[in-house]
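Inspection log for the structure reproduced underneath, given as structure tokens.
The values are calculated or read from the model by the stated rules, or taken from the named source; none is laboratory data. The model shown is predicted, which means the values in this text are computed figures rather than measured ones. Cβ placement follows ideal geometry from the backbone for every residue including glycine, while neighbour counts extend to all protein chains displayed.
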Ligand SMILES: [Zn+2]
Ligand SMILES: [Zn+2]
Ligand SMILES: [Zn+2]
């Protein structure tokens, strides 16, 4: 099959609009559905040049970080339910040729606003979903069970919670998904990162991390593609904030650290202040990239 718009990283990374009829016979695919930090881009209420530019030219705007998986038989799973859930669900379902445009399951990484607020769309005010399986850690599960409006979704069987314990795997339509704890501000819940393994390749998704301790760094280094926290490009980006307040690894640091990674390291979860979002972004070495909506990884 002809695939257009191959990434420079290799023939298996594509930016394509796949004909729906192929979806059911393809290998596992991971689609990038959003790339911005929790507040999206432009940021609500922000008058900075970048946000003003993205407001004036919506082609520069970016949805909140999210990936979707299309399995071996065309089943769809979304990782995180962002405030852009409706658009992202429709994009994934379209790529899989699914009608109505709905996904089969969700994994939630943690309870910061960019990662779970979209769950509300499964409720009776919108989809009135029928027991959509939602996989999350026990602490995330308790958070949803004990707080409204989320508990309503559970009581009305619009979602069905399943515990995804770090260290335990989940098989989804031919993909093997492993979850592991990621150090990240844990006001309400812990945070997980994921490794998704298809028949040929492994993709790591770690959109939010305070640091990458050695065990996580090893996963990034060994993956065929690692989509990692690129919230801030460098420390000059935040002149008004104490450096200790900023609990994300800078892109500049990650580039030094993962220079010898065996696969491609791609930054995602970009803050509106990030120079990588500007019209003239700083160059990155060849083995690094910046995630774009529409990127597709064949696993
Ligand atoms: Zn986030
Ligand atoms: Zn801004
Ligand atoms: Zn977070």
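Going by the conditions given, is residue 129 farther than 18 Å from residue 209 by Cα, away from ligand 1 (no atom under 16 Å from the Cβ), at pLDDT 95 or above and under 15 Å from the mean Cα position of the chain (by Cα)? Break it down stepwise before answering.
Working: farther than 18 Å from residue 209 by Cα: yes; away from ligand 1 (no atom under 16 Å from the Cβ): yes; at pLDDT 95 or above: yes; under 15 Å from the mean Cα position of the chain (by Cα): no.
Judged against the criteria, residue 129 is not a match.
Taking the stretch 73-129 as the region of interest, how many residues are assigned to a loop (DSSP other than H, G, I, E, B), within 23 Å of residue 165 (Cα to Cα) and more than 16 Å from ligand 3 (Cβ to nearest atom)?
First pass over the stretch 73-129, keeping only residues assigned to a loop (DSSP other than H, G, I, E, B): 73-75, 80-84, 97-104, 108-112, 123-129.
Those still in the list that are within 23 Å of residue 165 (Cα to Cα) too: 75, 80-82, 103-104, 108-112.
Pick out the ones that are also more than 16 Å from ligand 3 (Cβ to nearest atom) and you get 75, 103-104.
Summing the residues that are assigned to a loop (DSSP other than H, G, I, E, B), within 23 Å of residue 165 (Cα to Cα) and more than 16 Å from ligand 3 (Cβ to nearest atom) in the stretch 73-129 gives 3.
Could you tell me whether the stretch 91-102 includes any residue that is buried (at least 16 other Cβ atoms within 10 Å of the Cβ) and either under 22 Å from residue 284 (Cα atoms) or modelled with pLDDT under 90 (or both)?
Looking for residues that are buried (at least 16 other Cβ atoms within 10 Å of the Cβ) and either under 22 Å from residue 284 (Cα atoms) or modelled with pLDDT under 90 (or both), one finds none in the stretch 91-102, hence no.
Please list, ordered by first then second residue, the pairs with beta carbon atoms under 6 Å, 6 or more apart or interchain, first in the stretch 156-184 and on the phi > 0 side of the Ramachandran plot, second outside any strand (DSSP E or B).
So the pair list comes out as 157/131; 173/71; 173/72; 173/73; 173/75; 174/28; 174/71; 174/72.
State yes or no: is residue 275 out of contact with any strand residue (DSSP E or B) (no Cβ under 9 Å at 6 or more places or on another chain) and crowded, with 17+ Cβ neighbours inside 10 Å?
Criteria met by residue 275.
Scan the stretch 204-233 for residues that are crowded, with 22+ Cβ neighbours inside 10 Å and free of Cβ contacts under 8 Å to residues at least 40 places away in the same chain and jot them down.
204, 206
Name every residue in the stretch 54-72 that is away from ligand 3 (no atom under 16 Å from the Cβ) and part of a strand (DSSP E or B), in order of residue number.
Passing the criteria: 62, 68, 69, 70.
Just checking, does the stretch 158-167 include any residue being more than 16 Å from ligand 2 (Cβ to nearest atom), within 19 Å of the chain's Cα centre (by Cα) and not in a loop (DSSP other than H, G, I, E, B)?
The answer is no; no qualifying residue exists.
Just give me the residues in the stretch 31-71 being under 26 Å from residue 197 (Cβ atoms) and more than 16 Å from ligand 1 (Cβ to nearest atom), in sequence order.
If the condition is that a residue be under 26 Å from residue 197 (Cβ atoms) and more than 16 Å from ligand 1 (Cβ to nearest atom), then 31, 68, 69, 70, 71 are the ones that fit.
Restricting attention to the stretch 252-269, report how many residues are under 14 Å from residue 220 (Cα atoms) and crowded, with 16+ Cβ neighbours inside 10 Å.
Final tally of qualifying residues: 10.
For the stretch 46-66, what are the residues that are loosely packed, with under 12 Cβ neighbours inside 10 Å and either in contact (Cβ under 8 Å) with a residue 60 or more places away in the chain or within 12 Å of ligand 2 (Cβ to nearest atom) (or both)?
47, 49, listed by residue number.
Working only within the stretch 2-53, note down all residues that are more than 16 Å from ligand 3 (Cβ to nearest atom), at pLDDT 90 or above, out of contact with any helix residue (DSSP H, G or I) (no Cβ under 7 Å at 6 or more places or on another chain) and in a loop (DSSP other than H, G, I, E, B).
28, 44, 45, 46, 47, 48
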